[in-house]
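Below is one structure; the comments refer to it alone.
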Amino acid sequence: MAKHIIFLVHGMGDTVPGWSSPVQKAITDAFAQYFDRPFGDDFAFKELNYNHVFQSHIDKWRENAEAVLNQLEVSGADSDLLDTLLGFSEDSANDAFASTHILDVILYRFMRGIKSQVIAHLSEQMVGKLNESAQVPPYSIICHSLGTAVMHDVLQANLTTDHFPLSTAHGVPRLYVTLANVSRVLEDSDTDVYRSAVRPELALANKPYACENFLSVAHELDPFTRVRPFEPGWRKGDPDPLNNLAFDAYRGIEISGLRGVNPHDLEHYLDNPACHIPLFRLLTNNKIMEDGEMTTLIKAYEKDTLEGKFDAARDAIKSIEVDDQASLDTAVKRWADFQAMIKKLKKED
C-alpha cells in the first residue's frame, strides 16, 4: 500500500527548495517519542514551493519600490498600507523584511494574477505527487502562516471550479493542519473562509468539503494570529447549517510555552507537545497517551518559560499591542515590530 503523503506548505519569506528539511526532522523526532516505528514506515513527506512566483516582483521592489507600490495601488491596496510599505522601503532596518516577507503577503493579497499562478503551481505539485502511484494514496496537509491562506485558496479553487487538476478522484486530506492561520487576514471580497468549502463535512447534504479532520493551532504570543484570528464556529449540532458539522472534526487549539525567542517559527510550533500530540493522534488514529499524561508532558515543556528562561522574550513580545483587530495595515506594522523584536532578542540570547 502507498504511504500516506504529508504535504508541507511554507509561509512568507525567502524560501527555497529544501526549506522543509528541518521541519521534517522536527516531525520525525517528535514522532519517535511516542511510537516504536519510524515515521517513514507509514508516511512520506512532499514539500510544496511557491515563493518563486513572487521573485520578479521582489527583484523589482529592490530596484524601484515605488513602481511596485504603483502596481499595488492600481490593484486596490489602500493608502495607509501603501504608506507603510513606502516607509519600509526607505528604512534599511525594515526593507529586507519587507522585501522577503511582507511583500509576499501583499502581492498575494492584491495581485490576482500572482494568486492564480500560486494556486496553479501548488495544484500541479500536489497532483503530480498523488499520481505517482497506481492507486491514489491517502494524504494530509500541514501549512504555516501565509501558507494557510494560500492552501485555503488552493483547496477552494479545486473544489469549486473546473480549472484545476486536484479533483474528487483524489479524495480529500485525512487531516488538514493550519499553524498560525492567517487566512482571515488575507480574505478578499470574494472569500469568506468560514463559509467556504475548506472545512470538514457538514451535516447539510451535498455540500463540498475539503478534509476529514481540521486542526488549527495558534500560539498565544504569536502576533501573526492576533489580527482577525481564525476562530470558526464549526461544531456538530450547531444551529447554523453552515457551521453544523457531520462529525466533531474541527479542533482549534491555543498553545503556550517558549523554547526559543520566536513563537511564530514553524519548528517551534511542531516542537510543542500541545501541537504535535493532537496532530499525531489525528494522523494515526491512535490516542498515544491518556489526556492526563499529555497535560503533564505539556506542563513539563512549558517549564523553561515558568523558570524564567524566556521571561524577557515573553514580556517583549507581549508589549507588541494590536490596536486594530481588522486592519491588514495594522497586521503588517505589528509583524514588522515583531521581526525587529526577534532580531534584538536573538542578539541578546
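Around the amide H of HIS219, modelled in the peptide plane, lie the amide H atoms of ALA180, ILE255, all under 5 Å away and 5 or more residues distant in sequence or on another chain. Our Cα-only numbers for the stretch 192-349 put the radius of gyration and Dmax at 18.0, 56 Å. Rounded to whole numbers, the Karplus 3J(HN,Hα) couplings from phi for the stretch 177-184 are 10, 10, 10, 6, 6, 10, 5, 6 Hz, using 6.51 cos²θ - 1.76 cosθ + 1.60 with θ = phi - 60°, and x at Gly and Pro.
Counting only aspartates and glutamates at least 8 places from LYS303 when in the same chain, those with an alpha carbon closer than 15 Å to its own are ASP271, ASP311. If you run the Gaussian network model on the chain, springs between alpha carbon atoms under 10 Å, then out of GLN24, GLN156, GLN55 the most flexible one is GLN55.
What GluC sites (Glu not before Pro) in the stretch 58-113 are in a loop by DSSP, with at most 11 other Cβ atoms within 10 Å of the Cβ? Here the GluC sites (Glu not before Pro) that fit, given the DSSP loop and packing criteria, are GLU90.
Given a cut-off of under 8 Å on Cα pairs at least six residues apart, what relative contact order in percent is computed for the chain? With pairs under 8 Å counted, the relative contact order is 16 percent. Segment ALA2..ALA205, full-extension length gain: 70.0 nm, with 0.36 nm per residue of separation and the alpha-carbon distance subtracted. Residues whose amide H falls under 5 Å from that of LEU245, counting only those 5 or more places apart or on a different chain, are ALA203, ARG235, LYS236, GLY237, ASP238, with hydrogens built in the peptide plane. Close amide H pairs (under 5 Å, H built 1.01 Å from N) link ILE5 with ALA44, TYR139, SER140, residues at least 5 positions away or on another chain. Could you identify which residue out of ARG314, ARG174, ARG37 has the top mean-square fluctuation in a GNM of the chain using Cα springs shorter than 10 Å? Of ARG314, ARG174, ARG37, the Gaussian network model singles out ARG37 as fluctuating most. Semi-axis lengths, largest first, of the ellipsoid equivalent to the stretch 213-267 are 28, 12, 7 Å, with √(5λ) applied to each eigenvalue of the Cα gyration tensor.
Taking the DSSP bridge list for the stretch 190-349 and keeping only pairs wholly inside it, about 10 percent are antiparallel.
Extending 7 Å from the Cα toward the beta-carbon at both GLU348 and THR160 defines two label points whose distance is 4.5 nm. Here the stretch 263-283 is scanned for amide nitrogen atoms under 18 Å from the site 7 Å beyond the Cα of LYS299 along Cα-to-Cβ, giving 273-275.
Summarising the label geometry, the points placed 7 Å from Cα in the beta-carbon direction at ARG235 and GLU66 lie 5.4 nm from one another. Per-residue ellipticity at 222 nm from helix content only, as computed over the chain with -39500 (n - 2.57) for each DSSP H run of at least four residues, stands at -13000 deg cm²/dmol.
If you find the alpha carbon centre of the stretch 209-226 and of the stretch 50-64, how far apart are they in angstrom? Taking the Cα centre of each part, the stretch 209-226 and the stretch 50-64 sit 28 Å apart. Highest mobility in the GNM of the chain, judged by mean-square fluctuation with C-alpha springs under 10 Å and restricted to GLY13, GLY113, GLY252, is found for GLY113. At a probe radius of 1.4 Å, what is the per-residue accessible area of LYS207, in Å² to the nearest 10? Estimated to the nearest 10 Å², LYS207 gives 90 Å². The percentage of C-alpha pairs in the stretch 269-349 whose separation is greater than 14 Å is 73%.
The values are calculated or read from the model by the stated rules, or taken from the named source; none is laboratory data. These numbers come from a predicted model, not from an experiment. Note that we place each Cβ from the backbone using ideal geometry, even for glycine, and neighbour counts take in every protein chain shown. Just so you know, the surface numbers come from the protein's heavy atoms only, side chains and all, with ligands and any DNA or RNA stripped out. Shrake-Rupley method; radii C 1.70, N 1.55, O 1.52, S 1.80 Å.
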